[in-house]
Amino acid sequence: MEGIAGTRARLTWAVNIAVVLLVLLWTIPTAGLLISSFRDRDQIAVSGWWTALAWSERNAQFRAAPPSEAVEEGGLWVIEGNLLAGRPGEIRAFGINVNRPTEFAPGATATLPAGQRVTVHADGRYRIEHDAQPAGGSGQRLFAATLSPPRFTVENYGTVLTSAGLGRSFVNTLTVTVPATVIPILVAAFAAYALAWMEFPGRALIVAAVVGLLVVPLQLALIPLLQLHNALGIGKSYLGIWLAHTGFGLPLAIYLLRTYIAGLPREVIESARVDGATDFQIFLRIVLPLSFPALASFAIFQFLWVWNDLLVATVFLGNSEAQLVMTGRLRELLGSRGGEWEILAASAFVSIAVPLAVFFGLQKFLVRGLLAGSVKGG
Amino acid sequence: MADGIVGQLVEALGAMIVGVFACVAYFWASNRALDAAFPARGARAGANIRTAGAIRPWLFLAPALLGLGVYLVYPVVNSVWLSLHDAAGRRWVGGANWVWLAGDGKFRESMRNNLLWLLVVPAASTLLGLAAAALTDRLRWGNIAKSLIFMPMAISFIGAAVIWRFIYDYRPADQAQIGLLNAVVVGAGGTPRAWITLEVWNNVCLMAILIWIQTGFAMVILSAALRGIPEETIEAAILDGATPWQLFWKIKVPQIWGTIAVVWTTITILVLKVFDIVLAMTNGQWGTQVLANLMFDWMFRGNDSGRASAVALVIMALVTPIMLWNIRRARAEMR
């Protein structure tokens with residue numbers, strides 16, 4: 001038995017390590033996005049998010065104070081100031097020529113072609129000495145490699161919610177999602193009850209058709225329905241997208257609810273029938289309350305699907321400020337501001353925050369729905 | 001601006017309430033009307049009950065059938081019609097769109113890529129999901145691990161595309177890499193590459209995103225199936241001296257083949273329909289086009305409903321075998 005116990009322990013270790021690796025692999029991408037969204041826009045472009053806690057070094061160009069600020073000091077005209085301007089950080093090297101931005105060590109003195117002497121210290125202080133009173137409008141250009149401490153900011157979120165238009169898109173997505181999640185439920189629930197507990201010719205055929213329609217690719221439906229909506233005068237509007245999502249969500253809703261409702265105990269429904277309850281009463285008073293878990297499962301599915309959908313929104317809604325949903329906005333940002341990582345990261349995180357909250361909050365129902373939808377057949 | 005937003009939300013809430021109310025009103029009124037037309041009393045009570053009983057299911061089904069008919073059945077039929085007409089959907093062109101499709105280079109590229117996706121994504125997601133299910137089931141913190149692996153399922157494809165941009169980003173070799181993949185490559189002594197434009201490999205990069213999203217789905221379902229295996233078979237195998245490896249592959253996996261097939265086909269269907277990832281990462285450039293994005297391209301940029309419908313019908317044709325298999329399975333289960 002000793003040998004088996006030893007193998008067990010080693011196996012447990014191996015399993016633990018394997019799962020840790022798997023979990024890391026699966027969470028790192030999202031963690032990267034989250035960390036990036038809180039980083040400073042200058043740092044995000046020059047260093048990976050995994051270095052977010054380390055100091056970052058970059059070369060930058062600075063401009064000293066203008067000649068008008070020069071003060072006389074023992075026969076010399078001196079301009080003084082600080083390149084870091086109060087920000088925390090450190091100067092690693094500086095230069096006076098764009099081609100050699102890190103020529104001098106901090107504290108050293110460089111001589112400009114015109115004879116002025118420049119000294120830059122590690123803490124950012126600089127001093128430029130002129131032999132005569134300097135003239136001209138703009139200050140001396142200086143180059144330096146600066147080492148800055150990690151900085152985290154919520155500024156990116158402020159920017160995307162206001163100027164990038166994501167705040168408005170959040171409202172638009174909400175406008176699409178809420179009715180498109182709730183309306184199909186009732187329509188589907190009545191149909192599911194009929195398919196589960198009422199006897200009529202053609203029932204098996206309809207169930208088969210619903211199963212078949214589950215997999216019809218949406219691509220097929222886009223053009224005909226857009227034309228239909230235009231012909232009906234609905235066009236690209238919220239009404240149109242509510243109807244579209246309701247129609248597209250029906251097969252899954254009917255299938256999930258029928259599976260669940262068909263599994264309710266026969267005695268409960270039979271005894272209500274014997275007591276003289278009509279089908280309508282049975283449905284409203286008994287079946288609907290008992291089916292709450294299935295209704296919740298479907299609602300979560302539909303919510304996640306509608307919230308995350310890009311295709312249906314692109315086709316059935318316009319691109320105007322009052323209609324662009326978050327997925328559409330993200331797509332637009334990827335095109336127009338693809339290089340502005342901080343905007344992309346914060347925008348993406350705003351758009352996935354609500355689905356993630358729903359996911360972690362209501363995971364139980366989501367899993368139950370998934371299992372009802374798939375495992376039964378296995 | 002603020003007024004507009006409030007108004008819009010009120011409108012959405014109103015639509016929801018009106019929608020729900022209209023539903024209840026329809027079902028209530030139609031049932032009342034039926035009871036009034038065929039009262040269950042009087043001389044013809046028996047006949048009335050039978051007639052009402054025959055009609056009532058259709059009252060329950062009517063709104064759903066209307067929705068399914070208009071939003072899913074009609075488009076299939078209409079698409080066939082559109083695929084035989086010109087770009088504006090007016091003039092009959094016979095098989096011209098189909099002839100064009102057969103000779104189009106981008107279509108061939110899409111078919112090749114879709115085939116690649118079909119081979120790789122369902123297999124990888126299912127296998128990884130199976131591994132994750134088997135491993136996490138043995139741990140005390142397995143549920144937390146599961147939750148985290150399952151999480152990407154809640155993320156939109158377009159959000160996932162942004163997330164993975166931070167992985168695949170490329171900087172020339174003399175700069176610091178800000179993409180994780182290239183940072184790892186450089187750390188291991190390799191040269192950084194622009195993964196997204198690197199033909200053939202870029203397809204693998206895009207597939208990795210979908211695998212990342214779908215593994216959790218496979219894991220959740222397969223984990224439930226593994227737990228549903230009767231204890232006796234496992235105990236018997238352990239008594240016979242089976243190693244954990246044998247126990248898993250020879251005893252457990254064969255008992256959940258049905259569920260594995262369901263997971264596999266579900267992901268297969270998703271693969272055929274996926275377009276957001278390709279749209280956001282490459283928009284079909286650098287040899288990464290897929291059918292769903294090709295269709296979208298012809299619909300929006302090409303403005304050609306004939307060609308777009310033909311591509312959509314190809315997707316439908318590819319889905320059909322699975323559809324028929326699903327229907328057969330569902331019917332067998334109902335009996």
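One residue stands out in the stretch B:17-33 among those that are within 18 Å of A:Leu174 (Cα to Cα) and open to solvent by 40 Å² or more (accessible area, probe 1.4 Å): the one that is nearest to the other protein chains (Cβ to nearest Cβ), namely B:Val20.
When the stretch B:267-291 is filtered for residues that are under 14 Å from the mean Cα position of the chain (by Cα) and either within 16 Å of B:Leu119 (Cβ to Cβ) or open to solvent by less than 10 Å² (accessible area, probe 1.4 Å) (or both), the ones remaining, listed by number, are B:Ile267, B:Thr268, B:Ile269, B:Leu270, B:Val271, B:Leu272, B:Val274, B:Phe275, B:Ile277.
Restricting the search to the stretch B:54-96, which residues are among the aromatic types (Phe, Trp, Tyr) and more than 24 Å from B:Val311 (Cα to Cα)? Hits for the stretch B:54-96 are B:Trp58, B:Phe60. Just one of the listed residues (B:Ala45, B:Ala64) is among the aliphatic types (A, V, I, L, M) and modelled with pLDDT under 90, and it is B:Ala45.
Only a single criterion out of (1) modelled with pLDDT under 90; (2) open to solvent by less than 40 Å² (accessible area, probe 1.4 Å); (3) closer than 30 Å to B:Ile315 by Cα is not satisfied by B:Lys106, namely (2).
Out of all the residues in the stretch A:188-229, which are in contact (Cβ under 8 Å) with a residue 60 or more places away in the chain and either open to solvent by 40 Å² or more (accessible area, probe 1.4 Å) or outside any helix (DSSP H, G or I) (or both)? Matches in the stretch A:188-229: A:Met198 only. Of the residues A:Pro184, A:Pro179, A:Pro201, A:Pro150, which single one is at pLDDT below 85 and on the phi < 0 side of the Ramachandran plot? Exactly one residue qualifies, and that residue is A:Pro150. If you check A:Ser138 against the conditions, is it more than 30 Å from A:Val325 (Cα to Cα) and either open to solvent by less than 40 Å² (accessible area, probe 1.4 Å) or within 14 Å of chain B (Cβ to nearest Cβ) (or both)? Answer is no for this residue. Say we look at the stretch B:65-97 and pick out the residues that are part of a helix (DSSP H, G or I) and away from every other protein chain (no Cβ under 11 Å); which of these is farthest from A:Leu195 (Cα to Cα)? Filtering the stretch B:65-97 for residues that are part of a helix (DSSP H, G or I) and away from every other protein chain (no Cβ under 11 Å), the one farthest from A:Leu195 (Cα to Cα) comes out as B:Ala96.
Of all residues in the stretch B:301-335, those satisfying the criterion of being more than 8 Å from every other protein chain (Cβ to nearest Cβ) and modelled with pLDDT under 85 are B:Arg301, B:Gly302, B:Asn303, B:Ala332, B:Arg335. Within the stretch A:312-325, the set of residues being more than 10 Å from chain B (Cβ to nearest Cβ) and open to solvent by 20 Å² or more (accessible area, probe 1.4 Å) comprises A:Asn319, A:Ser320. Answer yes if at least one residue in the stretch B:279-293 is among the β-branched types (Val, Ile, Thr) and within 20 Å of B:Ser79 (Cα to Cα), and no otherwise. Yes, there is a match, as at least one residue in the stretch B:279-293 is among the β-branched types (Val, Ile, Thr) and within 20 Å of B:Ser79 (Cα to Cα). Just so you know, in the stretch B:177-196 the residues that are open to solvent by 60 Å² or more (accessible area, probe 1.4 Å) and within 14 Å of another protein chain (Cβ to nearest Cβ) include one that is farthest from B:Gln285 (Cα to Cα), and it is B:Gly187.
In the stretch B:235-245, which residues are more than 11 Å from chain A (Cβ to nearest Cβ), open to solvent by 20 Å² or more (accessible area, probe 1.4 Å) and touching a helix residue (DSSP H, G or I) at 6+ places or on another chain (Cβ under 8 Å)?
Going residue by residue through the stretch B:235-245, those that are more than 11 Å from chain A (Cβ to nearest Cβ) are B:235-237, B:239-240, B:242.
With open to solvent by 20 Å² or more (accessible area, probe 1.4 Å) added as a condition, the list becomes B:235-236, B:239-240, B:242.
Within the stretch B:235-245, just B:Ala242 meets the criteria.
If the requirement is being open to solvent by less than 10 Å² (accessible area, probe 1.4 Å), over 22 Å from A:Gly247 (Cα atoms) and in the same structural domain as A:Asn230 (by TED's automatic domain parsing), which of these qualifies: A:Leu356, A:Leu330?
A:Leu330
Residues B:Phe248, B:Phe217: which one is touching a residue at least 40 places away in the same chain (Cβ under 8 Å), open to solvent by 30 Å² or more (accessible area, probe 1.4 Å), closer than 25 Å to A:Leu25 by Cα and touching a helix residue (DSSP H, G or I) at 6+ places or on another chain (Cβ under 9 Å)? So the residue among B:Phe248, B:Phe217 that is touching a residue at least 40 places away in the same chain (Cβ under 8 Å), open to solvent by 30 Å² or more (accessible area, probe 1.4 Å), closer than 25 Å to A:Leu25 by Cα and touching a helix residue (DSSP H, G or I) at 6+ places or on another chain (Cβ under 9 Å) is B:Phe248. Checked against the criterion of being touching a Gly at 6+ places or on another chain (Cβ under 8 Å), among the hydrophobic types (A, V, I, L, M, F, W, C) and farther than 30 Å from B:Met281 by Cα, the candidates B:Ala236, B:Ala225 yield just one match: B:Ala225.
So is B:Ala43 within 28 Å of the chain's Cα centre (by Cα), more than 10 Å from chain A (Cβ to nearest Cβ), surrounded by fewer than 16 Cβ atoms within 10 Å (Cβ to Cβ) and over 30 Å from A:Glu321 (Cβ atoms) or not?
Here the answer is no, as B:Ala43 does not meet what is asked.
A single member of B:Thr243, B:Thr266, B:Thr320 is in contact (Cβ under 8 Å) with a residue 12 or more places away in the chain and in the same structural domain as B:Ala123 (by TED's automatic domain parsing), and it is B:Thr266.
Residues are listed down the side, and each one gets a yes or a no for (1) within 10 Å of chain B (Cβ to nearest Cβ); (2) free of Cβ contacts under 8 Å to residues at least 12 places away in the same chain; (3) open to solvent by less than 10 Å² (accessible area, probe 1.4 Å):
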site: A:Gly249; (1), (2), (3): yes, no, yes
site: A:Leu264; (1), (2), (3): no, no, no
site: A:Asp279; (1), (2), (3): yes, no, no
site: A:Leu288; (1), (2), (3): no, no, no
site: A:Ala299; (1), (2), (3): no, no, no
site: A:Trp305; (1), (2), (3): yes, no, no
site: A:Leu310; (1), (2), (3): yes, no, yes
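The values are calculated or read from the model by the stated rules, or taken from the named source; none is laboratory data. Here the structure is a predicted model, which is why all the values come from computation and not from measurement. As a convention, Cβ positions derive from the backbone with ideal geometry for all residues, glycine included, and neighbour counts pool all protein chains shown. SASA here: full protein model, heavy atoms, side chains in, ligands and nucleic acids out. Shrake-Rupley method; radii C 1.70, N 1.55, O 1.52, S 1.80 Å.
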